[in-house]
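What follows is a single structure, written as structure tokens, with notes after it.
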Ligand SMILES: [Zn+2]
């Protein structure tokens, strides 16, 4: 069974390429998934260069100039020599190298170019972190970025945030229900509205409905009850809003298709990760009831359509329960097709795994459900004793 450990460039800078790879080799994993393009974050790193690591938006390589000449959006410069020697060091140890790429989550680019970010139903651009996948400049950037990472000589380009993102305010003391938050998070930029209109949706009616409902809660209406489902959303916001939300899939599917083709042309392959599993279970490993594959449409991700276009998928199995991990993997395979490669991404420690046995059970569950690989997230975020659980989990999954 294939496997890898997710690694941040800050891990390599802190401990050195040789030391990190020696340790990972010792776990018996098949590869490394390196954060080649990452987003800003402030993370507790128990064995890092500093115990609190401040990450910046950045591409950690020198972008080939031919790919970005003439484009308005260019990669934010990160640690441009951070990956030097990594490919060779992996080869020496027989490790595969995968290029983890965060595409549309980039507050630096969004702040420089607010017009390429999402616009809510009130006409406001309050999420400069979120580049809109419908914007032509964003799409050109995403395709060029995928080529740039593929040219690092990676075995795969692992795509994160190559779809719409959910709304996550840092503070809100308005009791918005899940459906209210969902409607508030829909993008109504000119490009999104045009694409929906082309698909026969009355985009302006959808926007007005969203503004009416969310605005009503701001004015004191009771918030929506219950989780987001198509049926509940239809009852709450009407068919035009649901049609608008579904039209977002076309935007994402066509973008992922272009990226997958570009990556293949560069001699690598795309592994597509949708964030739904993280939306559900990131905080506590207790995901909300709907399986990730069934709720991915909410971010514009049509797994059935993508199954024909993308060779491999990563499932963020952020759950404590091994049965849930197996259920999520199984539902993914039923959506994308049994012949697709599905990789289960597991967190070996807090908050998902409180023991080696629990991690082992999840690796076993993922394999039984049909996963072809397990990936462990992430080197710099987990304590060494937690990382030491990986060999047992791999032994179970082999
Ligand atoms: Zn948009």
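The values are calculated or read from the model by the stated rules, or taken from the named source; none is laboratory data. These numbers come from a predicted model, not from an experiment. Note that each Cβ is placed from the backbone with ideal geometry, even for glycine, and that neighbours are counted across all protein chains shown.
Taking the stretch 364-383 on its own, how many of its residues are in a loop (DSSP other than H, G, I, E, B) and either out of contact with any helix residue (DSSP H, G or I) (no Cβ under 6 Å at 6 or more places or on another chain) or closer than 17 Å to residue 9 by Cβ (or both)? Count: 5.
Of the residues making up the stretch 157-176, those that are within 22 Å of residue 77 (Cα to Cα) and in contact with a helix residue (DSSP H, G or I) (Cβ under 8 Å, 6 or more places away or on another chain) number 3. Whenever a residue of the stretch 116-136 is at positive phi, its partners that are in a loop (DSSP other than H, G, I, E, B) and within 10 Å of the ligand (Cβ to nearest atom), lying with C-beta atoms within less than 9 angstrom and at least six residues away or across chains, give the pairs 123/188. Scanning the stretch 187-214 for residues that are more than 9 Å from the ligand (Cβ to nearest atom) and part of a loop (DSSP other than H, G, I, E, B) returns 199, 200, 201, 202. Out of all the residues in the stretch 46-85, which are over 22 Å from the mean Cα position of the chain (by Cα), modelled with pLDDT of 95 or more and not in a loop (DSSP other than H, G, I, E, B)? Once the filter is applied, which keeps residues that are over 22 Å from the mean Cα position of the chain (by Cα), modelled with pLDDT of 95 or more and not in a loop (DSSP other than H, G, I, E, B), the stretch 46-85 yields 52, 66, 67, 68. If only residues of the stretch 110-123 that are within 15 Å of the ligand (Cβ to nearest atom) and part of a helix (DSSP H, G or I) are counted, the one that is surrounded by the most Cβ atoms within 10 Å (Cβ to Cβ) is 116.
Looking at 256, 241, which one is at pLDDT 95 or above, touching a strand residue (DSSP E or B) at 6+ places or on another chain (Cβ under 7 Å) and crowded, with 23+ Cβ neighbours inside 10 Å? 256 is the lone residue from the list that is at pLDDT 95 or above, touching a strand residue (DSSP E or B) at 6+ places or on another chain (Cβ under 7 Å) and crowded, with 23+ Cβ neighbours inside 10 Å. For the stretch 272-287, the set of residues classified as within 18 Å of the chain's Cα centre (by Cα) and farther than 13 Å from residue 103 by Cβ consists of 276, 277, 278, 279, 280, 281, 282, 283, 284, 285, 287, listed by residue number. The lone criterion from (1) touching a residue at least 40 places away in the same chain (Cβ under 8 Å); (2) within 15 Å of the chain's Cα centre (by Cα) left unmet by residue 291 is number (2).
Is the stretch 86-94 home to any residue that is more than 22 Å from residue 314 (Cα to Cα), in contact with a helix residue (DSSP H, G or I) (Cβ under 8 Å, 6 or more places away or on another chain), surrounded by fewer than 23 Cβ atoms within 10 Å (Cβ to Cβ) and modelled with pLDDT under 95? So far as the stretch 86-94 goes, no, none of its residues is more than 22 Å from residue 314 (Cα to Cα), in contact with a helix residue (DSSP H, G or I) (Cβ under 8 Å, 6 or more places away or on another chain), surrounded by fewer than 23 Cβ atoms within 10 Å (Cβ to Cβ) and modelled with pLDDT under 95.
When you go through 2, 43 one by one, which is the residue that is surrounded by fewer than 23 Cβ atoms within 10 Å (Cβ to Cβ), at pLDDT 95 or above and closer than 24 Å to residue 89 by Cα?
Of 2, 43, the one residue that is surrounded by fewer than 23 Cβ atoms within 10 Å (Cβ to Cβ), at pLDDT 95 or above and closer than 24 Å to residue 89 by Cα is 2.
The set of residues in the stretch 128-163 that are within 13 Å of the ligand (Cβ to nearest atom) and under 16 Å from the mean Cα position of the chain (by Cα) comprises 130, 131, 132, 133, 163.
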